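These notes concern the structure reproduced below.
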Amino acid sequence: MPDIFAHCLVGVVAGRCVNGNWKLYLLAVVLSTLPDLDGLIPLHRSLLHSLLFLIPFSLAVFLILKRRKYPIKTASLLACLPLLHCLMDLLTGGIPVKLFYPISNTGYQFVYMIDTFVEALFSISPYVYYLEATRVDLILLIIIFIMVVLSSATKNHKKHNPP
């Protein structure tokens, strides 16, 4: 299960990917950690992790940022941060995520999809690692890698195709 540091790191990298100032970095960190506010109530990983909340919330964030004249890339990445938080929680273990709360109380956890790969990596390593920590690090690395690659791709596209 990712800790607050892992979620904050995703926000910091997102802020860097959009070449943000300190306010944009702060907004990115807040958006990437926002779903864990429901950890203050007994319904952790329910209300603020639910797609029924996150999708309209992310759309609202996107529209607000677009209205404030942020570039589409910046608005899109920042709006996706709460959804990335939820994805990290789904793939890294811990309390199951109630994706459709309050319509359904069913919790989801897709950690088994990652563990097969992580255990295969362990089988070729002479060292012993902690499965959960490695799983979280792997998901964190993948998400950061994708953000950086997409950010670089849009920068290179702009250099080769000026408006």
How many residues, within the stretch 1-37, are assigned to a helix (DSSP H, G or I), of a type outside the set (D, E, K, R) and free of Cβ contacts under 8 Å to residues at least 40 places away in the same chain? 11
Failed condition for S104, given (1) assigned to a helix (DSSP H, G or I); (2) modelled with pLDDT of 95 or more; (3) out of contact with any His (no Cβ under 7 Å at 6 or more places or on another chain), with all others met? (1)
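To keep it simple, each residue is scored yes or no on (1) within 20 Å of S32 (Cα to Cα); (2) among the acidic types (D, E); (3) at pLDDT below 95; (4) open to solvent by 50 Å² or more (accessible area, probe 1.4 Å).
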residue: A75; (1), (2), (3), (4): yes, no, no, no
residue: A79; (1), (2), (3), (4): yes, no, no, no
residue: F100; (1), (2), (3), (4): yes, no, no, yes
residue: I124; (1), (2), (3), (4): no, no, yes, yes
residue: D137; (1), (2), (3), (4): yes, yes, yes, yes
residue: V148; (1), (2), (3), (4): yes, no, yes, yes
residue: S151; (1), (2), (3), (4): yes, no, yes, no
residue: N156; (1), (2), (3), (4): no, no, yes, yes
residue: H160; (1), (2), (3), (4): no, no, yes, yes
Among the residues of the stretch 39-71, the number that are within 16 Å of the chain's Cα centre (by Cα) and in a helix (DSSP H, G or I) is 11
If a residue must be of a type outside the set (S, T, N, Q) and touching a Gly at 6+ places or on another chain (Cβ under 8 Å), how many such residues does the stretch 73-98 contain? 5
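The values are calculated or read from the model by the stated rules, or taken from the named source; none is laboratory data. All figures in this text were calculated on a predicted structure; none of them were measured in a lab. Every residue, glycine among them, receives a Cβ derived from its backbone with ideal geometry; neighbour counts consider all protein chains shown. Accessible surface is based on the protein model in full, side chains and every heavy atom, while ligands, DNA and RNA are left aside. Shrake-Rupley method; radii C 1.70, N 1.55, O 1.52, S 1.80 Å.
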